[in-house]
Amino acid sequence: MIEIRPGLVADAPAIARVRRESWHAAYTGIIAAPIIDRVTAVGGNATDPPPYRRTLVAQAGEHPAVIGYASFGPERTVVPPDPDPLTAAGRAGRVGEVYAIYVISAWWSAGAGRALMGAALAALRADGYLRAVLWVLADNARARRFYDRAGFAPDGASTTLTGLGGVLEVRYSRDLSGRLGRDDLH
């Protein structure tokens, strides 16, 4: 059984482990391995998240362990200005963003990702956001199918991530103003 709960400070090492393992599983062949190793090194937002970021974790197994996580909050700018990394729509509470959703590969297609996405969208909607966005690597076909099934669609925005070797990232968005459907929550 998969349980979704709010992430705790004590979950930071498990979240970092999930991020590292899932990046290697999902991005091998898209991003060079040395870049993945550098980007997923311990530290950063996994251990010191910004105050506006909310995190949920999925735990499962005979001895429940963190198998995935989602982080979300107000929409961020593509290139964060200093000191405010949020867009005007994010600051105003109109547009939320799913910053990350990762599940270790042993649990892919087992429902953890769907459960995390459903809980994150429900929380954004409960916070009053009217629209949600997320960014996905253009070459990550598996993730793009997952986001399509969650009601997201490409909205035409894109950016090149030079720090990740020049990969293209595309923005997906979806409406949150209506009632969330059954597929959003399961």
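The values are calculated or read from the model by the stated rules, or taken from the named source; none is laboratory data. Keep in mind it's a predicted model, so treat the numbers as computed, not measured. Cβ coordinates were reconstructed from backbone atoms using ideal geometry, including for glycine residues, and neighbour counts include every protein chain displayed.
Among (1) surrounded by 13 or more Cβ atoms within 10 Å (Cβ to Cβ); (2) at pLDDT 95 or above; (3) outside any strand (DSSP E or B), there is one condition Arg145 misses while meeting the rest; what is its number?
Condition not satisfied by Arg145: (1).
Checking Val78 against (1) among the hydrophobic types (A, V, I, L, M, F, W, C); (2) in a strand (DSSP E or B); (3) out of contact with any helix residue (DSSP H, G or I) (no Cβ under 8 Å at 6 or more places or on another chain): exactly one of these is not met. Which one?
Of the numbered conditions (1) among the hydrophobic types (A, V, I, L, M, F, W, C); (2) in a strand (DSSP E or B); (3) out of contact with any helix residue (DSSP H, G or I) (no Cβ under 8 Å at 6 or more places or on another chain), the odd one out for Val78 is (2).
Quick check on the stretch 43-50. Is at least one of its residues surrounded by 13 or more Cβ atoms within 10 Å (Cβ to Cβ) and at pLDDT 90 or above?
Checked against the condition, which is being surrounded by 13 or more Cβ atoms within 10 Å (Cβ to Cβ) and at pLDDT 90 or above, the stretch 43-50 yields no hits at all.
Tell me, please, whether a residue that is at positive phi and crowded, with 18+ Cβ neighbours inside 10 Å can be found in the stretch 102-114.
no
If I go through the stretch 1-37 residue by residue, how many of them are of a type in the set (Asp, Glu) and either buried (at least 19 other Cβ atoms within 10 Å of the Cβ) or more than 14 Å from Val103 (Cβ to Cβ) (or both)?
Of the residues in the stretch 1-37, 2 are of a type in the set (Asp, Glu) and either buried (at least 19 other Cβ atoms within 10 Å of the Cβ) or more than 14 Å from Val103 (Cβ to Cβ) (or both).
Let's see how each residue does on (1) under 14 Å from Ser177 (Cβ atoms); (2) assigned to a helix (DSSP H, G or I); (3) under 15 Å from the mean Cα position of the chain (by Cα); (4) modelled with pLDDT of 95 or more:
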| residue | (1), (2), (3), (4) |
| --- | --- |
| Ala89 | yes, yes, no, no |
| Gly96 | yes, no, yes, yes |
| Tyr102 | no, no, yes, yes |
| Ala120 | no, yes, yes, yes |
| Tyr129 | yes, no, no, yes |
| Ala132 | yes, no, yes, yes |
